[in-house]
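Each remark here refers to the structure printed beneath this line.
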Amino acid sequence: MQSQVIPRFIHVCGKRVYVSPIIEKMNSIFNENGPADPAIHEWDYGVPWYPTPLEKIPWIIENFHIRSNTSYCELGVGDCRIPYFIAKTADKSVSLAGFEIRKSMMKYATNLLKQEGLQNRISVIQKNVFQDGLSKMKDADYVYFYMYDGKDESIAGRIGKILKPGTIVINKGWPIELWKEKLVSQFVDFYKYII
C-alpha cells in the first residue's frame, strides 16, 4: 500500500476544511500525551491508554469520507480527541459516540466536553468493549480504534459480526489479519478497511 501525506485540507460533509486552525486549537486543549493525571495512564483492565497523535487525526477523518446523516463510533475513546475534531468540522447531523472503560478517563473526557460546549454533541459510554454487548455499533458508518497487544484481532472478530456492510473501519497499530481482504489503504501504522 502506498503511504499518504497528512492533508492540509480535508473534506467533511461536502465542505473543504482547513486543518491547521483546528489542530492549533486542539494543541491548546489536548496534551499530546493525554491528561496529566497518571492514574489515567495506568493499565486499568489490562489495557493501557495511548492517545492518537493529533497531527494524524486529519488523515483519519479524510479517509472516513464523512457525510451528513451518518454515525461515528470509537472504541477506547480516551479524551475524545477524534470525536472533538469531527464535531468541529462536520455538521450536526453526524452522530458521535465513544466507548471508554476507565472511569477516570470518562470523567476527564466528560468535563472537557462540558468546557467546550460539546456535551450534547458527543456521547461517551462507559463500557468494556471486550465483555459488553456492542449492539449500539450496528448502525455505525465509521469506526475507529487503537488497541494494544493484539487486542485489535479480538475486537475485529466481535465487531465484524455486528457492523453493516460498507462500514469504514480505521485502526492504529497493526494490520488486522482477519480483515486482510478488506484492507483498502494504509498510512504509517493506520489501516483502513471497508466491511
Given H placed on each backbone N at 1.01 Å, which residues far from Leu96 in sequence or on other chains put an amide H within less than 5 Å of it? Tyr72, Ser123
Note, the stretch 68-74: 3J(HN,Hα) by Karplus (6.51, -1.76, 1.60, θ = phi - 60°), whole Hz, Gly/Pro = x, goes 5, 6, 10, 9, 10, 9, 10
Sequence order, the stretch 89-96: Karplus ³J(HN,Hα) from phi using 6.51 cos²θ - 1.76 cosθ + 1.60, θ = phi - 60°, Hz rounded, Gly and Pro as x, gives 10, 8, 6, 6, 6, 7, 7, 10
Tell me, what ³J(HN,Hα) does each residue in the stretch 103-118 have, in order and in whole Hz, if you take phi through Karplus 6.51 cos²θ - 1.76 cosθ + 1.60 with θ = phi - 60° and put x for Gly and Pro? 4, 5, 6, 4, 4, 4, 4, 4, 5, 4, 5, 5, 4, 8, x, 10
Just check the chain against the gyration tensor rule for me: Cα atoms, a ≥ b ≥ c as the square roots of the eigenvalues, rounded for a/c under 1.5, and otherwise prolate or oblate depending on whether a/b exceeds b/c. rounded
Give the range of the longest stretch in the chain that excludes all GluC sites (Glu not before Pro) found in loop regions by DSSP and having at most 13 other beta-carbon atoms within 10 Å. 43-195
Looking at the stretch 137-168, which trypsin sites (Lys or Arg not before Pro) are DSSP coil and have at most 11 other C-beta atoms within 10 Å of their C-beta? Lys161
Links exceeding 27 Å between C-alpha atoms in this model, out of Lys138/Lys172; Lys107/Lys164; Lys15/Lys192; Lys92/Lys138, come to Lys107/Lys164
Taking only Cα atoms and a 10 Å spring cutoff, compute GNM fluctuations for the chain and point out the largest among Pro58, Pro175, Pro48. Pro48
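Quick note: the coordinates plus some simple rules give every number you see, no bench work behind them. For clarity, every value in this text was computed on a predicted model and none was experimentally measured. Counting neighbours? That spans all protein chains shown, and the Cβs are built from the backbone with ideal geometry, glycine included.
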